[in-house]
Amino acid sequence: NQGDTANTYGGASILAWAAMKNSPESVDYLARRFPYMLSVPTMDEAHYTPLYCAIYNDAPIETMRILIEHYPQALFTLDGSGRRPLRAARSSGVSKDIIHLLESSERKHRNLLGGWFCF
């Protein structure tokens with residue numbers, strides 16, 4: 001049952017927990033095994049996808065790269081405060097490498113916005 005595996009850890013999917021706590025290999029495995037979890041937000045007011053969880057928990061850049069590869073739509077998914085991951089990353093003080101990854105990924109996948117794109 002997808003609902004059972006999607007939100008079993010305090011309102012976050014096991015993929016979101018892996019993005020916060022585990023190796024990129026674990027994230028890749030879970031993203032392949034449970035792809036629907038890539039878009040499942042946390043069940044609180046923050047509404048964080050696994051990509052947000054990775055950003056806010058200083059996950060390795062490879063973890064973020066894997067999440068974006070499997071679900072580039074997450075780049076344009078708003079959190080509970082109406083922010084995209086790039087804006088959230090800028091305000092949380094992540095490394096310049098992660099900012100660059102998010103910026104270049106947004107440019108690469110801007111077609112997902114249906115033609116509308118701005119920073």
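Points to keep in mind about this one:
- Count of the range 37-52 residues, restricted to those that are out of contact with any Leu (no Cβ under 6 Å at 6 or more places or on another chain) and within 17 Å of Asp97 (Cα to Cα), is 1.
- Single unsatisfied condition, Asp58 versus (1) charged (D, E, K, R); (2) touching a Pro at 6+ places or on another chain (Cβ under 7 Å); (3) part of a loop (DSSP other than H, G, I, E, B): (2)
- Among the residues making up the range 95-116, those that are in a loop (DSSP other than H, G, I, E, B) and either under 18 Å from Ala16 (Cα atoms) or open to solvent by 50 Å² or more (accessible area, probe 1.4 Å) (or both) are Ser95, Gly114, Gly115, Trp116.
- Among the residues of the range 51-94, the ones that are in contact with a Ser or Thr (Cβ under 7 Å, 6 or more places away or on another chain) and buried (at least 20 other Cβ atoms within 10 Å of the Cβ) come to 6 in all.
- Every residue from the range 61-88 that is closer than 10 Å to His109 by Cβ and of a type in the set (S, T, N, Q): Gln73
- Pick from the range 13-36, criterion crowded, with 24+ Cβ neighbours inside 10 Å and among the aliphatic types (A, V, I, L, M), ranking: nearest to Gly82 (Cα to Cα): Ala16
The values are calculated or read from the model by the stated rules, or taken from the named source; none is laboratory data. The structure presented is a predicted model; accordingly, all values stated were derived computationally and were not measured. Cβ atoms come from the backbone with ideal geometry, glycine included; neighbour counts cover every protein chain shown. Areas reflect the complete protein model, heavy atoms only, side chains present, ligands, DNA and RNA absent. Shrake-Rupley method; radii C 1.70, N 1.55, O 1.52, S 1.80 Å.
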